[in-house]
1. Could you list, in sequence order, all residues of region 97-146 that are within 16 Å of TYR50 (Cβ to Cβ) and of a type in the set (Asp, Glu)?
2. Hand me the list of strands (runs of 3 or more DSSP E) wholly inside region 49-146 holding 3 or more residues that are in contact with a Lys or Arg (Cβ under 7 Å, 6 or more places away or on another chain) and buried (at least 20 other Cβ atoms within 10 Å of the Cβ).
3. Output the qualifying pairs, or none if there are none: Cβ atoms under 8 angstrom, residues six or more apart or on different chains, first residue in region 107-125 and closer than 14 Å to CYS85 by Cα, second residue at pLDDT 90 or above and among the polar types (S, T, N, Q).
Amino acid sequence: MRYPRLVAVLATVTALASVGLLVPGCGKDGAPDVGKSCETVAVLYPEDSYLSQVAKDCSTGLCLKPIDHSVNRTGDTGPLCTATCSDDHDCDGQVRDRANSADRRCITGFTCAIPFDSGDKACEKLCVCKDFVPVGGATVPPKCVK
């Protein structure tokens with residue numbers, strides 16, 4: 001072969017991709033930026049939440065700023081990188097550094113929830129900051145109950 005080293009590198013990259021090590025997912029095992037601060041583009045969903053699907057700050061491209069329905073009413077939690085998920089274990093994301101007064105990341109951690117019942121992300125599970133979830137947990141929107 002003329003380029004044995006290149007072939008070896010390509011084989012390694014292909015092997016890593018096939019086992020999912022190079023593909024961003026959700027939480028600690030995939031997209032390490034779940035919970036990272038990001039910028040939302042003004043895409044208002046019917047639930048009065050904001051979701052940017054072209055967020056350059058996030059490996060998944062998803063930046064979420066839900067409307068605050070929580071009793072916590074943190075008020076200063078900003079938009080955060082999110083990802084699709086199956087359950088709460090997929091949503092081990094970055095949380096706020098309480099020693100840094102400028103940090104606007106999530107305070108209470110993340111849950112796997114359905115934030116939208118309409119739009120192109122309708123009924124899709126995403127990692128959502130618990131600062132925005134009612135005490136007692138997220139509920140499945142009636143339109144999404146199967």
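The values are calculated or read from the model by the stated rules, or taken from the named source; none is laboratory data. Since the model is a prediction, treat every value here as computed from it, not as a measurement. Every residue, glycine among them, receives a Cβ derived from its backbone with ideal geometry; neighbour counts consider all protein chains shown.
1. Result: ASP117, ASP120, GLU124, ASP131.
2. The qualifying strands (runs of 3 or more DSSP E) are 110-113.
3. Cβ pairs passing all conditions: CYS112/SER86; GLU124/THR84; LYS125/THR84; LYS125/SER86.
One line per residue, one yes/no per condition, for (1) under 18 Å from the mean Cα position of the chain (by Cα); (2) under 22 Å from GLY61 (Cβ atoms); (3) not acidic (Asp, Glu):
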position	(1), (2), (3)
VAL95	yes, yes, yes
ARG105	yes, yes, yes
THR111	yes, yes, yes
ASP117	yes, yes, no
GLU124	yes, yes, no
VAL128	yes, yes, yes
GLY137	yes, no, yes
